[in-house]
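Enquirer: Have a look at this one before I ask anything.
Read-outs: derived from the displayed coordinates by stated rules, not from any lab. Just so it is clear, the model here is predicted, and its values are computed rather than measured. Glycine also receives a Cβ, built like all others from the backbone with ideal geometry; neighbour counts cover every protein chain displayed.
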Amino acid sequence: MSRSLVVLFVGLLAVSFPTVVSAQHISGAIRNLAPGHDSLLFLRSEHGVGPHTLDSVLLGEHGEFSFTRKSRPQGFYKLVLNDSDAVDLILDPREPSVQLEFSGVPLQRNIRVVRSDENKRLWEYKLVSKEAQAVRAAALREKQAKGGSDAAADSVIARADQLQREYLIGLLVGQKESFFAKVVRADMALDSIRGAPPMSIMRVFDFSDPGLMRSSVYDKAVLYFLRNIQAVTEEQFLPAVDSLMHYASRNAECTAYMLHHLIDVFATYGPEAPLRHLIDHYATSDPVDRNVGSCNVGQGACPPDGEHRSAGA
């Protein structure tokens, strides 16, 4: 085979498998730490099955950090300092470098994204969301001070909601390939059919997408599907969990996570019938899931309403 044909073949492989790319480098610095402050920074995954602590690094003398270069699957992650101080982070194999600067702690209030378009979008929206939340909170306090009825406060709250949504939509314009945009669009699609028949969710959400699986919008889609069944008997959940397992089955990671997540949901909140169904029909080769399923059988509590978390983090 000639050299030119080899180069062409390698190029075609790169196009066909876009996630096979160079390792990612996460680096930056945390400034103005007090003497004796915890200097171990963790990279953690909040979604999916497997170890949640993926890597750790000691901060340098001036707070600088640099994680080992490694390719990580597309999704949401966290940088965690001192166990409780954490910031959301998007990792995408198409972005070989993520560089962050923190002017102090807590990390969320002092972050600046130096390099990474995905994380610039994420944190730009988080800043706008924080400002909108502050406006809403002030308007609510004013409303409560007036006995719970204040048309002016209601108008301020509605305007804050509108501006936040318009800003988010503006971030999505022209970003067809952005992972941040994909997660937000999936979240919006779910909200647009909230309360609709369960199978409507299948038309707007891909349960076999491993990127979505590494975001909070995946769990939200599962919750909406189960709630929209409006089951009155335990047995009505059985075909529902079969459907969810089926729609996740095109991807092995999603299949594993769906099983683990459903077992966790029903073990925690009940009812017992779908939990037993999952263990007997899907978890026969996974002793971890069997143990999870046997912890809290029959508690019967209702799952909480899905919390809307901006941008899927």
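Enquirer: Put +1 on the Cβ of every Lys and Arg and -1 on every Asp and Glu Cβ in the stretch 88-220; which of Gln175, Gln144, Leu212 then has its Cα farthest towards the positive end of the dipole?
Expert: Gln144
Enquirer: Enumerate the amide H contacts of Gly28 below 5 Å, restricted to partners 5 or more residues apart or on another chain; note that Pro and chain-start residues carry no placed amide H.
Expert: Close amide H contacts, sequence-distant or interchain: Phe65, Leu100.
Enquirer: Here's another thing I want to ask about it. Each residue of the stretch 117-131 in order: what ³J(HN,Hα) in whole Hz does its phi give by Karplus 6.51 cos²θ - 1.76 cosθ + 1.60, θ = phi - 60°, with x for Gly and Pro?
Expert: 4, 4, 6, 5, 4, 4, 7, 5, 5, 4, 5, 4, 4, 4, 5
Enquirer: What lysines does Lys176 reach when the alpha-carbon gap must be under 30 Å and sequence neighbours fewer than 8 apart in one chain are set aside?
Expert: Partners found: Lys70, Lys78, Lys120, Lys126, Lys130, Lys220.
Enquirer: Given the peptides 209-218, 60-69, 38-47, 86-95, arrange them by the average over their residues of other C-beta atoms within 10 Å, most packed first.
Expert: 209-218, 86-95, 38-47, 60-69
Enquirer: Follow-up question, since we're still on this one. Would you mind checking which residues have amide H under 5 Å from Leu54's amide H? H placed 1.01 Å from N; only 5 or more apart, or other chain.
Expert: Long-range HN contacts for Leu54: Leu43, Arg44, Ser45.
Enquirer: Here's something else I'd like to know. Give me a comma-separated list of calculated 3J(HN,Hα) values for the stretch 200-216, in order, Karplus coefficients 6.51, -1.76, 1.60 applied at θ = phi - 60°, integers in Hz, x for any Gly or Pro.
Expert: After applying 6.51 cos²θ - 1.76 cosθ + 1.60, I find 4, 5, 5, 7, 10, 9, 9, 6, 9, 8, x, x, 4, 4, 8, 8, 5 Hz.
Enquirer: Only residues of the stretch 100-117 count here: report those whose backbone N is under 18 Å from the spot 7 Å along Cα→Cβ of Tyr167, or say none.
Expert: Inside the label zone: 108-113.
Enquirer: Okay, next question. From the square roots a ≥ b ≥ c of the eigenvalues of the alpha-carbon gyration tensor of the stretch 174-267, which class results: rounded (a/c under 1.5), prolate (a/b over b/c), or oblate?
Expert: Oblate.
Enquirer: Does the stretch 19-140 come out rounded, prolate or oblate by the C-alpha gyration tensor, with a ≥ b ≥ c the root eigenvalues, rounded set by a/c under 1.5 and, if not, prolate when a/b is larger than b/c and oblate if not?
Expert: Oblate is the answer for the stretch 19-140, as a/c is 1.5 or above yet b/c matches or exceeds a/b.
Enquirer: According to a simple spin-label model (label point 7 Å from Cα along Cα-to-Cβ), what is the distance in nm between Arg94 and Ala189?
Expert: Placing both labels 7 Å beyond Cα along the Cβ direction yields 1.6 nm.
Enquirer: So how much slack lies between Ser66 and Ile229, counting 0.36 nm per residue of separation and subtracting their Cα-Cα distance, in nm?
Expert: My answer for the length gained is 54.0 nm.
Enquirer: For the stretch 136-187, rounded, prolate or oblate, judged on the Cα gyration tensor with a ≥ b ≥ c (square roots of eigenvalues), a/c < 1.5 rounded, else prolate if a/b > b/c?
Expert: In terms of gyration-tensor shape, prolate.
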